[in-house]
């Protein structure tokens, strides 16, 4: 398949995106990587790609630059997916910018800056809740090093296939690193949904290069690309 990977923003993408590009190409895909999101507004250019992969945080964050999509890029992204193309959204790429909350209508949920939170990055167990799901093909329960997102938006109709369990605890959080209670429970980590005629694949794992090196993570992403970009 011909894939477009959009990267860049506030996360260690200098670590993770090269790993992503490497294993996508290793699986035989043609991959274009860019931090320039202006192509999203170019219907003709986007039409040449089978699927779009977001490994990016598109917000205007203080002291970190303006990575937010402009109106033309937002509308182009919607047209692309609605037309029947695939969209694979990794980790915090599902974060809805303050000026575009409708983004979560595409993803079915994700990180909300100022509301969402997570325990410290650590070794964590990932559970395959639906082994028959296309996203879980060839993957059993596994351990990785990553972040377990909590307090996200999550919409009805998402087809969840991956979860993570957390014990309750108190950890430093926020700009002031204040002690923050985080409840235990089971949290969604991977789901699929439709948007128009297109397919949307969301995976909340993938914080850094180490996370991307996990074999099961790579298998899930490849499954997502095959599912979202397939006809």
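Taken together, the values in this text are just the output of simple stated rules run on the coordinates, not laboratory data. This is a predicted model, so every value here is computed, not measured. Virtual Cβ from ideal backbone geometry, glycine too; neighbours counted across all protein chains shown.
When only Cα pairs below 8 angstrom with a gap of at least 6 residues are kept, the range 1-98 shows a relative contact order of 34 percent. The GNM of the chain, with springs linking C-alpha atoms under 10 angstrom apart, assigns the highest mean-square fluctuation among 215, 120, 175 to 175. Taking the DSSP beta bridges with both ends in the chain, the antiparallel portion is around 60 percent. Comparing 88, 200, 160 in a Gaussian network model of the chain, where Cα atoms under 10 Å apart are tied by springs, the biggest mean-square fluctuation is seen for 160.
Figure legend: label point modelled 7 angstrom from the Cα of residue 2 along Cα→Cβ; residues of the range 193-231 with amide N under 16 Å from it are 229-231.
Stretched out straight at 0.36 nm per residue, the stretch from residue 105 to residue 155 would grow longer than its current Cα-Cα span by 17.2 nm.
Packing here is the average count of other Cβ atoms within 10 Å per residue, and on that basis the peptides 75-83, 128-136, highest first, run 75-83, 128-136.
For the range 66-137, the relative contact order comes to 19 percent (Cα pairs under 8 Å, sequence separation of at least 6). In the chain, Cα pairs under 8 Å separated by at least six residues give a relative contact order of 23 percent. Mean residue ellipticity at 222 nm, helices only, the chain: -7000 deg cm²/dmol; runs of at least 4 DSSP H residues each add -39,500 (n - 2.57), and the sum is divided by the number of residues. Across 166, 93, 178, mean-square fluctuation computed from a Gaussian network of the chain (C-alpha pairs under 10 Å connected) peaks at 178.
One way to sum up the overall shape of the range 1-55 is the equivalent ellipsoid from its Cα gyration tensor, whose semi-axes run 19, 16, 6 Å, largest first. Using equal-weight Cα scatterers in the Debye expression, the normalised intensity of the range 7-111 in log10 at q = 0.18 Å⁻¹ is -0.91. Length gained on full extension, residue 210 to residue 173, computed as 0.36 nm times the residue gap minus the Cα-Cα distance: 11.1 nm.
When 116, 211 are arranged by Cβ crowding within 10 Å, least crowded first, meaning fewest neighbours, the order is 116, 211. Estimated at 0.36 nm per residue, the fully extended path between residue 43 and residue 186 surpasses their Cα-Cα distance by 47.5 nm.
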